[in-house]
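Okay, so here's the structure we're looking at.
The values are calculated or read from the model by the stated rules, or taken from the named source; none is laboratory data. Only a predicted model underlies this, so the values are computations on that prediction, with no experimental measurement involved. With ideal geometry, Cβ positions are generated from the backbone for all residues, glycine too; neighbour counts draw on all protein chains shown. With ligands, DNA and RNA removed, areas are computed over all heavy atoms of the protein, side chains included. Shrake-Rupley method; radii C 1.70, N 1.55, O 1.52, S 1.80 Å.
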Amino acid sequence: MPKVSAKEIWLDIHKEAHHFSCAHFTIFSANERENLHGHNYSVRARAQCTIADSGLCFNYNELKDLINVLCDSLDESTLLPSLSPHLSIRNEEGYVCADFSDETMKFLPRDVKLLDVRNVSVEELASWIITKLVAHEKFQALAITRFELTVSSGPSESATAIWLP
């Protein structure tokens, strides 16, 4: 029988506060996209770690706070993918203009968040959020041996990004 270590665990963090509401459209090709619409996204984190002598893996309030900050930065925004080969984004006359195919969409700058992604999808959002998290100095100080972050746009669609140190 293999030896099982009760000190290695998965810590699951899924708080009500770990959500954001935003508008977006998915781009399918150079001339096909969804209509602008919104989602109420939720974020779930799983950290693999070792239980320390204190009976804790780490102060997971630090991780919760980092996730809250990222969710808050996306909340109540129109998300635009700055790396899309099919979307051109420019500032003109006090507006953020997004040119797609033969359309120009105009947004107030305060309502837009540009993300360094190719598309605004659960896949790209999970990847974007986990990249921002693991780059943070406070995250790097946590005793995490494997980390998973899931972004859900509803009960039937989600994507999980994985980080291994």
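What to note about this one:
- Filtered by the rule that a residue be in a strand (DSSP E or B), open to solvent by 70 Å² or more (accessible area, probe 1.4 Å) and either out of contact with any helix residue (DSSP H, G or I) (no Cβ under 7 Å at 6 or more places or on another chain) or β-branched (Val, Ile, Thr) (or both), region 148-165 gives Thr160, Ile162.
- Pick from region 132-147, criterion in contact (Cβ under 8 Å) with a residue 12 or more places away in the chain and more than 15 Å from Gln48 (Cα to Cα), ranking: surrounded by the fewest Cβ atoms within 10 Å (Cβ to Cβ): Lys138
- Residue that is nearest to the chain's Cα centre (by Cα), among those in region 43-89 that are aliphatic (A, V, I, L, M), surrounded by fewer than 19 Cβ atoms within 10 Å (Cβ to Cβ) and within 26 Å of Ser101 (Cα to Cα): Leu83
- Any hit, region 105-115, residues being touching a Phe, Trp or Tyr at 6+ places or on another chain (Cβ under 6 Å) and open to solvent by 70 Å² or more (accessible area, probe 1.4 Å): yes
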